[in-house]
Amino acid sequence: MTDIAIAILVDGDKVLMGRRAPHKAAYPRCWDFIGGHVEAGETLVDGLIREALEEIAVRPVNPVFLDQMVDRALGLTDPPTYHFFVVQEWAGGTPTLANHEHTELRWVTLKEMGGLNRLSDQAYLNFASRAIAAVS
């Protein structure tokens, strides 16, 4: 099983989305949350923190588990499981692109998120809504 730790960064009524780079094998050029594969020996939270540091140069503080989802859309025999965490506090300042995983970052409201061209998965709207509600 492949575990993917996903950070839903929340700032007021907005969440942080990243546009995946065109070279990515899964969901190229799609809007997605920040995160990635959990490596052997890492906990989900350790993977979440490492991925956030690598991708947007911030360290999540006290991430809270929200939910998980199996991605069957890729058609893999062993589909990945996404583990979503709400992140309302982080160290390191403003999130910025720190590697080649994404080409753009954008803070969006739920309405704006729904209007994004090429959202990785429409279920992300539900996760974003729940993350915003969790910190309100």
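Could you tell me whether region 48-65 includes any residue that is of a type in the set (A, V, I, L, M) and free of Cβ contacts under 8 Å to residues at least 24 places away in the same chain? Full working, then the answer.
Initial filter on region 48-65 (of a type in the set (A, V, I, L, M)): 48-49, 52-53, 56-58, 61, 64.
Filter once more, so that each one left must be free of Cβ contacts under 8 Å to residues at least 24 places away in the same chain: 49.
Looking for residues that are of a type in the set (A, V, I, L, M) and free of Cβ contacts under 8 Å to residues at least 24 places away in the same chain, one finds at least one in region 48-65, hence yes.
So, F127, is that one surrounded by fewer than 14 Cβ atoms within 10 Å (Cβ to Cβ) and touching a Leu at 6+ places or on another chain (Cβ under 9 Å) or not? Walk me through it before giving the result.
Numbers: surrounded by fewer than 14 Cβ atoms within 10 Å (Cβ to Cβ): no; touching a Leu at 6+ places or on another chain (Cβ under 9 Å): yes.
Considered against the rule, which asks whether it is surrounded by fewer than 14 Cβ atoms within 10 Å (Cβ to Cβ) and touching a Leu at 6+ places or on another chain (Cβ under 9 Å), F127 comes out as no.
Search region 121-134 for residues that are among the aliphatic types (A, V, I, L, M) and pair each with any residue that is open to solvent by 70 Å² or more (accessible area, probe 1.4 Å) and part of a loop (DSSP other than H, G, I, E, B) when their beta-carbon atoms are under 7 Å apart and the residues are at least 6 apart or on different chains.
I132/D13
Mind listing whichever residues of region 26-53 are surrounded by fewer than 16 Cβ atoms within 10 Å (Cβ to Cβ) and over 25 Å from R118 (Cβ atoms)?
Result: E39, A40, G41, T43, D46.
Just checking, does region 76-90 include any residue being in a loop (DSSP other than H, G, I, E, B), buried (at least 18 other Cβ atoms within 10 Å of the Cβ), touching a strand residue (DSSP E or B) at 6+ places or on another chain (Cβ under 6 Å) and of a type in the set (S, T, Y)?
No; the residues of region 76-90 include none that is in a loop (DSSP other than H, G, I, E, B), buried (at least 18 other Cβ atoms within 10 Å of the Cβ), touching a strand residue (DSSP E or B) at 6+ places or on another chain (Cβ under 6 Å) and of a type in the set (S, T, Y).
The rows are residues; the columns are (1) assigned to a loop (DSSP other than H, G, I, E, B); (2) among the polar types (S, T, N, Q).
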site: A7; (1), (2): no, no
site: V10; (1), (2): no, no
site: L16; (1), (2): no, no
site: Y27; (1), (2): yes, no
site: G35; (1), (2): no, no
site: A40; (1), (2): yes, no
site: N62; (1), (2): yes, yes
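Name the single residue that is most open to solvent (accessible area, probe 1.4 Å) among those in region 91-124 being assigned to a strand (DSSP E or B) and under 21 Å from A21 (Cα atoms).
To start, the set of residues in region 91-124 that are assigned to a strand (DSSP E or B) comprises 91, 102-108, 119.
Remaining after also requiring under 21 Å from A21 (Cα atoms): 102-108, 119.
Numbers: H102: 15, T103: 78, E104: 62, L105: 43, R106: 94, W107: 74, V108: 2, L119: 20 Å².
Residue satisfying both the conditions and the ranking: R106.
The values are calculated or read from the model by the stated rules, or taken from the named source; none is laboratory data. Because the structure is a prediction, the values reported are computed rather than measured. Glycine gets a Cβ as well: all are built from the backbone with ideal geometry, and neighbour counts include every protein chain shown. Note: accessible area is taken over every heavy atom of the protein model, side chains too, but ligands, DNA and RNA are not part of it. Shrake-Rupley method; radii C 1.70, N 1.55, O 1.52, S 1.80 Å.
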